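A short write-up of the structure that comes next.
We did not get these values from a lab; they are worked out from the coordinates using the rules stated. On a predicted model such as this, the values are computed, not experimentally measured, just so you know. In this analysis, Cβ positions are derived from the backbone assuming ideal geometry, glycine residues included, and neighbour counts consider all displayed protein chains.
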Number of protein chains: 2
Amino acid sequence: MRPQDVIRRKRDGGELSREEIAFFVRGVVSDEWADYQSSALLMAIYLNGMSGAEQQSLTEEMLHSGEVLDFSELPQPVADKHSTGGVGDKTSLILAPLAAVCGVCVPMISGRGLGHTGGTLDKLEAIPGYRVNLSLAEFRTVLERVGFAMIGQTETIAPADKKLYALRDATETVEAIPLIVASIMSKKLAAGLDALVLDVKSGTGAFMHDETGAEELARALVATGNSFGVRTEALITDMNQPLGRAVGNAVEVSECIDLLRGEVDERARPVLDLSVELAARMVSLSGVEASLDVARGKVKRALESGAALDCFRRNVEAQGGDARVCDEPGRLRDLTLREVRVESERAGFVAAIDAAEIGRAVAVIGGGRARMSDSIDAGVGFLAEAKIGDEVKAGEALGLLLCRKTPDAEESAARIRSAYRIAEEQPRAPELIKEVITP
Amino acid sequence: MRPQDVIRRKRDGGELSREEIAFFVRGVVSDEWADYQSSALLMAIYLNGMSGAEQQSLTEEMLHSGEVLDFSELPQPVADKHSTGGVGDKTSLILAPLAAVCGVCVPMISGRGLGHTGGTLDKLEAIPGYRVNLSLAEFRTVLERVGFAMIGQTETIAPADKKLYALRDATETVEAIPLIVASIMSKKLAAGLDALVLDVKSGTGAFMHDETGAEELARALVATGNSFGVRTEALITDMNQPLGRAVGNAVEVSECIDLLRGEVDERARPVLDLSVELAARMVSLSGVEASLDVARGKVKRALESGAALDCFRRNVEAQGGDARVCDEPGRLRDLTLREVRVESERAGFVAAIDAAEIGRAVAVIGGGRARMSDSIDAGVGFLAEAKIGDEVKAGEALGLLLCRKTPDAEESAARIRSAYRIAEEQPRAPELIKEVITP
């Protein structure tokens, strides 16, 4: 078999066999396939699609391209959440301690931000001293002691995905459902989960702009997870504006700690609501509580009692971070930053927000990456004052930019102004949870 | 502009601007585009096509990626022929001296064989001492003295094509009309031609298996050539069996010399007929003779008078070859080779021949290449005894293999037997020239 034979079959709209897909995935890892051959196949898959059987084979071969973790010796069930990525999406930091307190073990393997989307690892590293590059032994120890642990993608888990993702990013072949499914699920399945809750974002700040695409992706993910024996559900949630108030690394951690402390800004409430719902589904799906309603009650008590904040504090300590931020979130604020008010040019109601553009505006001032090799300025960010449905006067603040240099700040402010659409009529605020996809 | 922007537009079925195509072609030469980005775009072009304007821009940018020759100081008009490639296709060696004798200057830049197709350079190198790697100064000198000269693709002519062709070959993106057109025409236009005759092959040994595809390609080539001010015509010719009798390098040169000497084996006659027609069209299209019929008469006299043979002999001398082969073609025969008779297993009529498989059978015994880096055995080859429409008895020879090692010879003979389809009814012999495409 030659790479050309496989490329030709997919080019001509045919279905690849299990053996052909295995040959491809092994060839990606071993370099038997040249990058230019892999990218030609990726484009053919993007344009000609994949059958359910092909998607299943691709996921399984990518999963088995590396190490598969096993936490079955732990007493608790093991569950995780995965989000398809958005702007201001910080639920992991809240739902992980919530679920852990409720008796779920959460071994979270997260990513970094790229383009307009943020990444959990970058956020955690805004806490002074916090280490995300734990060894697998340390990861296991933190997990046993705290109930949740956070690390980055390792070299040994789904190595095929690492190479393919870099190629997809450079060749505009990211947004293909079978490739997204295989990428997400190969990594998640490698974490040895009993249950998985997916947060599929839909809207201006998501990969999937419309709900139809999000639903198609969610169904494919749920079907794949369950076919591998992992109880999997998906929520389709709104990403037509940043989730909550803060966009940026330190400011997002700060928002999470405020919420865990019970200090709830109304603009940040959707973060808390979604975190509680996702955590409750992890609790019920993993079998800790049979009833979702009972699970919701348990999760809320974990929040209100301060147990989740304690659990988060123990995680920060265990992963080397300065746990004082949990009691004094103001410590996360970089006092050398300037505050720039971004003002509305006219009066009206916030009718729509281009959330991806808000993400890019934060990247412009150093809070995000254009390339994976770029470094991040943890302190900078944006705090939304106005969200969809809010009334603003001309000259009133849409939000605050925390930034450094003037020219970047001006570009960033201009992007934010252009991202807000002000209309005369008040729109309905978007629904946070649009749909639940079960097997 | 980033490569991703261009890839995305073509991926989504959009039309690339002149600037985007220029950015791509320059990026291929400068390595600003990674190979994996180029191959992703090539696959997107393969699957989503290109408009006439895009094809035109791609051709022009590839043409101007390198040096453009200029023979306008020569007294004669400058013309060439290009074939899309076949099996046993050796017309260049006959039509070049025919056209040169009739007053056309023929600066032929040819290629090497790959896969099942042969290449003019490999054939010429079967003549002891013949040099195809002339400098451009030597090329010009031979052209002035002899009227035609033969060299290989240089590093300086259309360098973008060289890189793109290698990528297309490795990623199954060869057979896309806009890419074929840009590849062929960028090189041919760089040779500073007044007129160009295209021989677009159609059939079992051609890129284009069916006449519809061949016609579409021919029309695109003719339109592109004329739009650049080169008078261009195309013939669609039969490649449902090897052209003539010989397939292999030395044996094909030998067949050409026989034909130039007036020694015409009936099975080789199509080679002569097609060479005369192509040469006559070069003579008329380049304006030497206004009437095609007059041009045909002139070409036939160049053949019958022995002037074309003399011209060929002068070219062999000028390019360093042993010109004695022109008078004693038997000198091209390698006497250390074995002759293996490939026999028909049953009686009937030759109904069809898989010409590509005949080409591969010759490659198996060393007469062709699987990869560009493979070396060639000039002596080996196949001499067809039976062509389409011929009657054969069981045990009668389909042809003779000139070969060396036994196991390869057996595989080769088996391939040849499987390539011949014997039927009970006598089929019509295929028409040599199927269609003429004029602007």
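One table, with the values for the structure above:
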| quantity | calculated |
| --- | --- |
| 5 angstrom amide H check on A:Leu337, placed H, neighbours 5+ away | none |
| Using distinct alpha-carbon pairs, which all enter the 1/r mean, Kirkwood radius of region A:79-329 in Å | 18.0 |
| For B:Glu328, inter-copy label distances in nm, listed shortest first [label point 7 Å out on the Cα-Cβ vector] | 10.4 |
| Sparsely packed trypsin sites (Lys or Arg not before Pro) within region A:338-419, loop by DSSP, other Cβ within 10 Å at most 15 | A:Arg346, A:Arg371, A:Lys393, A:Arg404, A:Lys405 |
| Backbone HN-Hα couplings from phi across region B:238-247 [Karplus 6.51/-1.76/1.60, Hz, Gly and Pro as x] | 6, 10, 8, 7, x, 6, x, 9, 8, 10 |
| Computed magnitude of the charge dipole of chain A (debye, nearest 20; Cβ of K, R +1, Cβ of D, E -1) | 420 |
| Estimated translational D of region B:333-423 in µm²/s (Stokes, Kirkwood radius over Cα pairs; 20 °C; 1.002 mPa s) | 162 |
| Residue exposure sequence - B:Arg261, A:Arg313 - by fewest surrounding Cβ within 10 Å | B:Arg261, A:Arg313 |
| Reachable aspartates and glutamates from A:Lys123, criterion Cα separation under 12 angstrom, eight or more residues apart if same chain | A:Asp89, A:Glu252, A:Glu255, A:Asp377 |
| Residues B:Val230, B:Val247 arranged by fewest to most Cβ contacts within 10 Å | B:Val230, B:Val247 |
| Reachable aspartates and glutamates from B:Lys298, criterion Cα separation under 13 angstrom, eight or more residues apart if same chain | B:Glu277, B:Glu289 |
| Region A:3-49 - Rg and Dmax from Cα coordinates, angstrom | 9.6, 26 |
| Relative contact order (%) - chain A, alpha-carbon pairs under 8 angstrom, separation at least six | 20 |
| Rule-of-thumb Rg ratio for region A:62-209 [Cα; 2.2 N^0.38 Å; N residues] | 1.02 |
| Restraint check, A:Lys10/B:Lys162; A:Lys10/B:Lys187; A:Lys10/B:Lys188, Cα-Cα greater than 27 Å | A:Lys10/B:Lys187; A:Lys10/B:Lys188 |
| Given charges at Cβ of Lys, Arg, Asp, Glu: the protein assembly as shown dipole, positive-most of A:Leu63, A:Ile45, B:Val29 | B:Val29 |
| Cα convex hull volume per residue for the protein assembly as shown (Å³) | 196 |
| Per-copy distances of the A:Ser17 label point, shortest first, in nm (7 angstrom along Cα→Cβ) | 4.8 |
| Partner lysines for B:Lys434 [C-alpha distance under 20 Å; skip if fewer than 8 residues away on the same chain] | B:Lys81, B:Lys90, B:Lys201, B:Lys387 |
| Distant alpha-carbon pairs in chain B (separation over 39 angstrom), percent | 19 |
| Kyte-Doolittle mean at least 0.5, axial Cα span of 20 Å or more - DSSP H helices of chain A | A:269-285 |
| Inter-copy label distances at B:Pro439 (7 Å, Cα→Cβ; nm, one decimal) | 6.8 |
| Relative contact order %, region B:3-49, counting alpha carbon pairs below 8 Å whose residues are six or more apart | 49 |
| Ascending count of other beta-carbon atoms within 10 Å, so fewest first, for A:Asp122, A:Asp12, A:Asp199, B:Asp377 | A:Asp12, B:Asp377, A:Asp122, A:Asp199 |
| HN-Hα J in Hz across region B:337-347 - Karplus 6.51, -1.76, 1.60, θ = phi - 60°, x for Gly and Pro | 7, 8, 9, 10, 7, 9, 9, 6, 7, 8, 8 |
| Whole-angstrom gap from region B:293-308 to region B:239-266, using each part's C-alpha centre | 19 |
